Each structure stands twice: as C-alpha cells, then as structure tokens.
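One structure, pasted below without further comment.
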Amino acid sequence: MVTGVGIDRLLADAREGLTRVQPDELAARRRDGAFVVDVRPSETRTVEGHVPGAVVIDRLVLEWRLDPTSGASIPDGPGLDDEVIVVCNEGYASSLAARDLQRLGFHRATDLVGGFRAYAAVGGRVQKEPTCVATAVPTTVEANT
C-alpha cells in the first residue's frame, strides 16, 4: 500500500513558507523589481495572454533556468536575494514551484494568489505576446545521479 501526505497537505505545507502576492499587487511588485515568472502551458498563454514583464519558463525546467549555479541558468536571471513571483493558472502549481525555489536558496520566492486568472479578473494588464521566453535546458546539462 502506498501512503503519503496527499496533495492538500503538500500544498498547505508549501504555502506556510510563502508570503503570497495578491492579484492587484502584482504590477506594483513588478515595477518595484520583482522577477515575475510565468509557468503556465503555452496553449493556455496563447489563449489567455501574458503578464507584462514576466519571463516565461516551462515548469519542468524552472529550477535549472533560475539557479545561478546551474549551467543552464538564464542570463540576467534573479539573484538569491531577489523577490521571485511565480504565476500559474490558478495559484496551485505556482505555490509548489515557489517552495522549490526557496529550497534552492531564493528566500523571497513566492507566488500569485489565484494565479493568472485572478490577476486578469481584477483587471490586471494582459498582453498578447510574452515579454521574454526562456528556452529549454540545453542537452549538454547532465543530472547528478
């Protein structure tokens, strides 16, 4: 029999360490220097639009693209002391991703309450094209096993 904590507990544990951002605060936080990361699937972004100033990074490679010690980190990525705000569809996957970024050392990593859909619902500015898209991890990166 497989046992575990369950997703509700996992999500609650992740959020305990986050100071989550309200949808109506996102634009101001971005103007104040927060590094906003959009991890939504491309199909969703194409239909719903993009957060101005956000960097699009596929959730599958988020840690490699942001970790400054990774050989696959993006140029001009955030430092460990920078505020990093992760945005997903509805604010669930982003909480787990922000927790993972905190474990990497981004102590100010957090996420957007309600995700992109809550941001758009409060009248947040949306643009058709992304500001920046980070590409997938190069194939030369090797995992430590």
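What follows is calculated from the coordinates using simple rules that are stated; it is not laboratory data. Every value quoted in this text rests on a predicted model; they were computed, and no experiment measured them. Positions of Cβ are backbone-derived with ideal geometry, glycine not excepted, and every protein chain shown enters the neighbour counts.
Out of all the residues in the stretch 68-91, is one or more assigned to a helix (DSSP H, G or I) and either in contact with a Ser or Thr (Cβ under 9 Å, 6 or more places away or on another chain) or over 14 Å from ALA109 (Cα atoms) (or both)?
Of the stretch 68-91, the ones assigned to a helix (DSSP H, G or I) are none.
Looking through the stretch 68-91, none of the residues is assigned to a helix (DSSP H, G or I) and either in contact with a Ser or Thr (Cβ under 9 Å, 6 or more places away or on another chain) or over 14 Å from ALA109 (Cα atoms) (or both).
Just a yes or no: is a residue in the stretch 110-131 more than 16 Å from ALA27 (Cα to Cα), touching a residue at least 12 places away in the same chain (Cβ under 8 Å), in contact with a strand residue (DSSP E or B) (Cβ under 6 Å, 6 or more places away or on another chain) and among the polar types (S, T, N, Q)?
From the stretch 110-131, those more than 16 Å from ALA27 (Cα to Cα) are 128-129; that's our starting set.
Retained after the next criterion (residues that are touching a residue at least 12 places away in the same chain (Cβ under 8 Å)): 128-129.
Remaining after also requiring in contact with a strand residue (DSSP E or B) (Cβ under 6 Å, 6 or more places away or on another chain): none.
Scanning the stretch 110-131, I find no residue that is more than 16 Å from ALA27 (Cα to Cα), touching a residue at least 12 places away in the same chain (Cβ under 8 Å), in contact with a strand residue (DSSP E or B) (Cβ under 6 Å, 6 or more places away or on another chain) and among the polar types (S, T, N, Q), so the answer is no.
Of everything in the stretch 43-62 that's assigned to a helix (DSSP H, G or I) and either within 10 Å of the chain's Cα centre (by Cα) or basic (Lys, Arg) (or both), which residue is farthest from GLY115 (Cα to Cα)? Walk me through how you get there before you give the answer.
If we filter the stretch 43-62 for residues that are assigned to a helix (DSSP H, G or I), which is where we start, we get 43-48, 59-62.
Subsequent filtering for residues that are either within 10 Å of the chain's Cα centre (by Cα) or basic (Lys, Arg) (or both) retains 45, 59, 62.
On the way: ARG45: 12, ARG59: 14, LEU62: 17 Å.
Only one residue tops the list, namely LEU62.
Okay, next question. Under 8 Å by Cβ, and 6 or more places apart or on different chains, what pairs join a residue from the stretch 58-77 that is at positive phi and in contact (Cβ under 8 Å) with a residue 24 or more places away in the chain with one that is surrounded by fewer than 17 Cβ atoms within 10 Å (Cβ to Cβ) and among the β-branched types (Val, Ile, Thr)?
Close Cβ pairs satisfying both conditions: none exist.
To continue, here is another question. Which of the residues that make up the stretch 1-18 are closer than 17 Å to ALA97 by Cβ and surrounded by 10 or more Cβ atoms within 10 Å (Cβ to Cβ)?
Result: ILE7, LEU10, LEU11, ALA12, ASP13, ALA14, ARG15, GLY17, LEU18.
Further, regarding this structure: Within the stretch 92-130, restricting attention to residues that are of a type in the set (S, T, N, Q) and in a helix (DSSP H, G or I), which residue is farthest from ALA12 (Cα to Cα)?
At the first step, the residues of the stretch 92-130 found to be of a type in the set (S, T, N, Q) are 94-95, 102, 110, 127.
Those left that are additionally in a helix (DSSP H, G or I): 94-95, 102.
Working: SER94: 13, SER95: 9, GLN102: 15 Å.
Looking at residues that are of a type in the set (S, T, N, Q) and in a helix (DSSP H, G or I), I get GLN102.
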